[in-house]
Amino acid sequence: MCKIKIIKLIALFEYLVTVESSGAYIKILNALEEVNQRIFNKDERNLTKDDFHPLINIYRIYSEVRPYDLMLGKHIMDKMQEFYDLQKEILDKN
C-alpha cells in the first residue's frame, strides 16, 4: 500500500514539473524518487524512519510554492497527507 501511494505521488509531481517550472517541485520529486528506491524492495515491516528521511522538508517546501491550479494543489496536498499518515502508521508499528 505504501509503495502504491508513493508511486502516485511521484506521478503527480512528474506532471506538476511538466506544467509549472519550479525548482522546488523538482527537489520534491527527487526526494520522493529517493524514498521510492529505498522502500521498493523492502517489506513494510522492515521500513525505518531513515527510509523516509529525504521527505523531511517536502511539506514545508510545497506549502511555499503551491501550484497555480488550486484544485490540483489541494489534490496533491491530500495525497501527501494520506502518504504521511500511512508512513506514520507503518513506523509506529515498527
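Going through (1) surrounded by 13 or more Cβ atoms within 10 Å (Cβ to Cβ); (2) touching a residue at least 12 places away in the same chain (Cβ under 8 Å) one by one, Gly73 falls short only on (2). Taking residues in the range 44-66 that are farther than 14 Å from Ile76 by Cβ, and partners anywhere that are among the charged types (D, E, K, R) and open to solvent by 10 Å² or more (accessible area, probe 1.4 Å), the pairs with Cβ atoms closer than 6 Å and at least 6 places apart or on different chains are Asp51/Arg38; Pro54/Glu34. Take the conditions among the β-branched types (Val, Ile, Thr) and exposed (fewer than 13 other Cβ atoms within 10 Å of the Cβ) and apply them to Val19. Does it pass? The answer is yes for Val19.
Residue-by-condition table, conditions (1) closer than 18 Å to Lys3 by Cβ; (2) of a type in the set (D, E, K, R):
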| residue | (1), (2) |
| --- | --- |
| Glu20 | no, yes |
| Gly23 | no, no |
| Asn41 | yes, no |
| Asn46 | yes, no |
| Phe52 | yes, no |
| Ile56 | no, no |
| Glu64 | no, yes |
| Asp69 | no, yes |
| Lys74 | no, yes |
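When Met80 is tested against (1) in a loop (DSSP other than H, G, I, E, B); (2) of a type outside the set (Phe, Trp, Tyr); (3) closer than 19 Å to Lys3 by Cβ, exactly one condition is not met: (1).
The values are calculated or read from the model by the stated rules, or taken from the named source; none is laboratory data. If you're wondering where the values come from, they're calculated on a predicted model, not measured in any experiment. FYI the Cβ positions are ideal-geometry reconstructions off the backbone, even for glycines, and counts take in every protein chain you see. Just so you know, the surface numbers come from the protein's heavy atoms only, side chains and all, with ligands and any DNA or RNA stripped out. Shrake-Rupley method; radii C 1.70, N 1.55, O 1.52, S 1.80 Å.
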